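K.L.:
Here it is: the structure, laid out below.
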4 protein chains.
Amino acid sequence: MPRSDYPFAFPFRVRYAETDAQGIVFYGNYLTYFDVAIYEYFRWLSYTITDHVSETGADFHVVRAVVDFHAPSRFDDDIEVFVRTVAIGRSSLTFELSIFAGDEPLPRVTGEVVWVNADQESHQSTPLPERLLALLMPQQPA
Amino acid sequence: MPRSDYPFAFPFRVRYAETDAQGIVFYGNYLTYFDVAIYEYFRWLSYTITDHVSETGADFHVVRAVVDFHAPSRFDDDIEVFVRTVAIGRSSLTFELSIFAGDEPLPRVTGEVVWVNADQESHQSTPLPERLLALLMPQQPA
Amino acid sequence: MPRSDYPFAFPFRVRYAETDAQGIVFYGNYLTYFDVAIYEYFRWLSYTITDHVSETGADFHVVRAVVDFHAPSRFDDDIEVFVRTVAIGRSSLTFELSIFAGDEPLPRVTGEVVWVNADQESHQSTPLPERLLALLMPQQPA
Amino acid sequence: MPRSDYPFAFPFRVRYAETDAQGIVFYGNYLTYFDVAIYEYFRWLSYTITDHVSETGADFHVVRAVVDFHAPSRFDDDIEVFVRTVAIGRSSLTFELSIFAGDEPLPRVTGEVVWVNADQESHQSTPLPERLLALLMPQQPA
C-alpha cells in the first residue's frame with residue numbers, strides 16, 4: 001500500500017538498544033513500534049484508551065500480529081509507521097501497518113495487528129462502543 | 001497441534017521485565033521466545049548457525065512472523081515453546097511454534113516464523129545446505 | 001569478589017534479542033539479568049515475593065542500581081549471575097552481583113541493586129519482615 | 001540538579017512495552033532512555049559518533065552506569081531526560097542525567113553513565129579527540 005492510503009503515521013528513530021548483532025533492528029521490536037503507532041493513531045482519532053477502560057469496563061487485547069520483513073532498518077534510521085483500520089468486527093479491529101523510511105517507494109516492513117474488545121469481568125468479547133465506530137467509519141474505503 | 005506433534009521444546013520462565021502494565025507478557029516478547037527456541041532447536045539438531053555463516057557465506061533472515069494469542073502468561077509462569085519445521089523451500093524454512101504451560105491441553109500462543117537463507121555478499125536468497133536438509137527431512141510428516 | 005564469596009548463582013544464555021549492533025549484550029539488559037537473578041535468589045531462600053506482597057501489604061521497590069562493565073558478552077554465551085546480600089537496613093536490602101563466564105577468573109560485570117520495602121497504601125518504607133531477616137542473617141559475613 | 005543546570009534534554013513518551021506488571025517503567029529501561037539521550041546530546045553538539053568510529057578507529061564503550069529511582073513513571077507519561085558532561089578524563093567522559101516530567105520540581109530518576117574511548121584494534125583506551133574536547137569544554141562549570 002502506498003503512503004497515501006494511510007490516514008496517519010508516527011515517526012520513530014531507531015534506538016541502539018533495538019538493534020541486534022546483525023546490526024539491524026531485532027524483529028520482535030517491530031511489534032513495539034506497531035503498538036506505539038496504534039496508540040498514537042487512537043490519540044489522533046481523539047479516542048482515549050484509558051477512558052475506554054474506565055468508562056466501558058472493557059479493554060483491548062491483542063489476539064493476532066503478523067509482520068513481514070522486506071528490508072532492514074539500522075541504528076539511527078528515521079522511519080515512519082503508517083496505520084489504518086482495515087476491518088471492523090462486532091468486537092474486533094484489524095489494523096494494517098507499513099513502515100517507510102525517507103522517500104523510499106516500498107515499505108521496509110508491513111504487518112497486521114488484531115485487537116478484540118474484552119469485558120474485564122467476564123473476559124468475553126464485547127461490542128465496540130458506538131463513539132469509536134463513528135470515529136473509524138469515515139476512514140473506511142468506500 | 002498437540003505437544004506430541006513437536007519433536008522439540010524449550011523452557012522459559014517469564015521475567016518481570018517481559019510483563020507489561022496489564023500484568024501479562026507484552027506480546028512483542030513472544031517473538032524473542034520464538035527466536036530463542038528456534039536457535040535451541042538448531043542446537044538440538046546439531047546444526048550450528050555460526051558455522052553455517054562462516055562455512056557457507058550465507059545467513060538466515062527472518063522474513064515473516066505470525067503470532068496468535070489465545071491466553072496470557074504472567075510473571076514467573078513456566079512455559080515451554082514447542083518448535084517444528086512445517087515447510088522446507090529451496091532457500092526457506094517455515095517453523096511452527098506453540099507455547100504450552102503445565103498440563104494445560106490448549107496452547108496459550110501459536111505462531112509461525114519464516115527464515116530465508118541469504119548470501120551475505122549478493123543479499124540474494126541461496127539454496128539451503130544439503131546437510132541441513134538431511135537433518136530436517138526425517139522430521140517432516142509423511 | 002571471587003565466586004566462592006557468593007551463596008547463589010543463576011545461569012543465563014545470552015539471547016540474540018539482547019545483543020546490539022556492537023555485537024555484544026546491550027548494557028541495559030544486565031539489569032534484567034540482575035532482576036531475574038535476585039528473584040531466583042529469593043526462591044532459593046524459600047522466601048516468596050508474591051506471598052510477601054499479599055501477607056504484609058508491602059512490596060519491594062528498586063531504588064538504586066549500579067553496573068560496572070569489565071568485559072562484554074556475546075550471543076549464545078553461557079554466563080552466571082552471582083548474588084549475595086551485602087547490607088540489611090531497617091527497610092532496605094543491598095544486593096551485590098557479579099557475572100562470570102566459564103572458568104574466567106574475573107567477572108565480566110559487577111553491580112549493586114538496592115531494594116526498599118514499601119507499604120502499598122502509604123507508599124512509605126516499612127520494616128523488613130522478621131522471617132526474611134532470619135533467612136538472610138546466616139549469609140552475612142561474620 | 002535543577003533543569004537549568006543542563007544544556008540539553010530529550011523527550012520520551014513511555015511505551016506500553018516499557019512498563020511492567022507493577023504498572024511502572026521497568027527499571028532497566030531507564031538505561032535505554034539514558035543511551036538515546038546521550039546520542040541525541042552528541043547530535044546536538046554536532047559530534048557524530050559514526051564519524052568518530054570511521055575517522056579515529058576508536059569507539060565509545062560504556063564502563064559504568066548508575067541509576068537512582070526517586071519516583072515511578074507510567075504508560076504514556078511525557079518525560080524529559082536532561083544530560084550534561086560532568087567529568088572529562090584523558091579517554092573517558094562522565095555524563096550526569098536527570099529525568100523530569102511536566103513541571104515537577106524534583107527529578108523522578110537521576111543517574112550517571114561513564115564512557116571510555118577505546119581503540120578498536122588494541123582494545124585499549126585512547127585519548128579523546130581534540131575536536132570533541134573543544135565542543136565539551138564550554139559546557140563545563142567554571
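The values are calculated or read from the model by the stated rules, or taken from the named source; none is laboratory data. Worth saying up front: this structure is predicted, and the values here are computed from it rather than measured. Quick reminder, even Gly has a Cβ in these numbers, built from the backbone with ideal geometry, and neighbours come from all protein chains shown.
K.L.:
Going by what's in this entry, would B:T85 be described as more than 14 Å from every other protein chain (Cβ to nearest Cβ), surrounded by 13 or more Cβ atoms within 10 Å (Cβ to Cβ) and in contact (Cβ under 8 Å) with a residue 60 or more places away in the chain?
P.N.:
When the stated conditions are applied, B:T85 does not pass them.
K.L.:
Same structure, new question: Restricting attention to region C:23-34, does a residue exist that is within 14 Å of chain D (Cβ to nearest Cβ), among the polar types (S, T, N, Q), without any contact (Cβ under 8 Å) to a residue 24 or more places away in the chain and touching a Lys or Arg at 6+ places or on another chain (Cβ under 9 Å)?
P.N.:
Yes: region C:23-34 contains one or more residues that are within 14 Å of chain D (Cβ to nearest Cβ), among the polar types (S, T, N, Q), without any contact (Cβ under 8 Å) to a residue 24 or more places away in the chain and touching a Lys or Arg at 6+ places or on another chain (Cβ under 9 Å).
K.L.:
So, A:S92, is that one modelled with pLDDT of 95 or more, surrounded by fewer than 20 Cβ atoms within 10 Å (Cβ to Cβ), hydroxyl-bearing (S, T, Y) and touching a Phe, Trp or Tyr at 6+ places or on another chain (Cβ under 7 Å) or not?
P.N.:
yes
K.L.:
Counting just the residues of region A:25-46 that are of a type outside the set (D, E, K, R) and out of contact with any Phe, Trp or Tyr (no Cβ under 9 Å at 6 or more places or on another chain), which one comes out nearest to B:V36 (Cα to Cα)?
P.N.:
A:N29
K.L.:
Is there a residue being out of contact with any Cys (no Cβ under 8 Å at 6 or more places or on another chain), outside any helix (DSSP H, G or I) and without any contact (Cβ under 8 Å) to a residue 12 or more places away in the chain anywhere in region B:66-79?
P.N.:
no
K.L.:
So, one more: Do the conditions hold for B:A37, that is, is it surrounded by fewer than 22 Cβ atoms within 10 Å (Cβ to Cβ) and within 11 Å of another protein chain (Cβ to nearest Cβ)?
P.N.:
So B:A37 does not fit the description; no.
K.L.:
Filter region B:50-80 down to residues that are facing another protein chain (nearest Cβ under 9 Å), more than 14 Å from B:V113 (Cα to Cα) and not acidic (D, E) and give me whichever is surrounded by the fewest Cβ atoms within 10 Å (Cβ to Cβ).
P.N.:
B:T50
K.L.:
Go through region C:15-34 and give me each residue that's aromatic (F, W, Y) and either assigned to a loop (DSSP other than H, G, I, E, B) or within 18 Å of D:V116 (Cβ to Cβ) (or both).
P.N.:
C:F26, C:Y27, C:Y30
K.L.:
Among what's in region B:10-29 and is among the small types (G, A, S) and in contact with a Ser or Thr (Cβ under 9 Å, 6 or more places away or on another chain), pick the residue that is surrounded by the fewest Cβ atoms within 10 Å (Cβ to Cβ).
P.N.:
Filtering region B:10-29 for residues that are among the small types (G, A, S) and in contact with a Ser or Thr (Cβ under 9 Å, 6 or more places away or on another chain), the one surrounded by the fewest Cβ atoms within 10 Å (Cβ to Cβ) comes out as B:A21.
K.L.:
List every residue pair whose Cβ atoms lie under 9 Å apart, where the two residues are 6 or more positions apart in sequence or sit on different chains, the first residue falls within region D:127-138 and is over 14 Å from D:A58 (Cα atoms), and the second residue, located anywhere, is aliphatic (A, V, I, L, M).
P.N.:
Short answer, once both residue conditions are applied: D:L133/D:I88; D:L135/D:L45; D:L136/D:L45; D:L136/D:I88; D:L136/D:L93; D:L136/D:L128; D:M137/D:I88.
K.L.:
Exactly one of these conditions fails for D:T94: (1) within 21 Å of A:F75 (Cα to Cα); (2) without any contact (Cβ under 8 Å) to a residue 40 or more places away in the chain; (3) within 14 Å of chain C (Cβ to nearest Cβ); (4) of a type in the set (S, T, Y). Give me its number.
P.N.:
Status for D:T94: all satisfied but (1).
K.L.:
Restricting attention to region D:61-76, does a residue exist that is at pLDDT 95 or above, aromatic (F, W, Y) and closer than 23 Å to C:F34 by Cβ?
P.N.:
So far as region D:61-76 goes, yes, one or more of its residues are at pLDDT 95 or above, aromatic (F, W, Y) and closer than 23 Å to C:F34 by Cβ.
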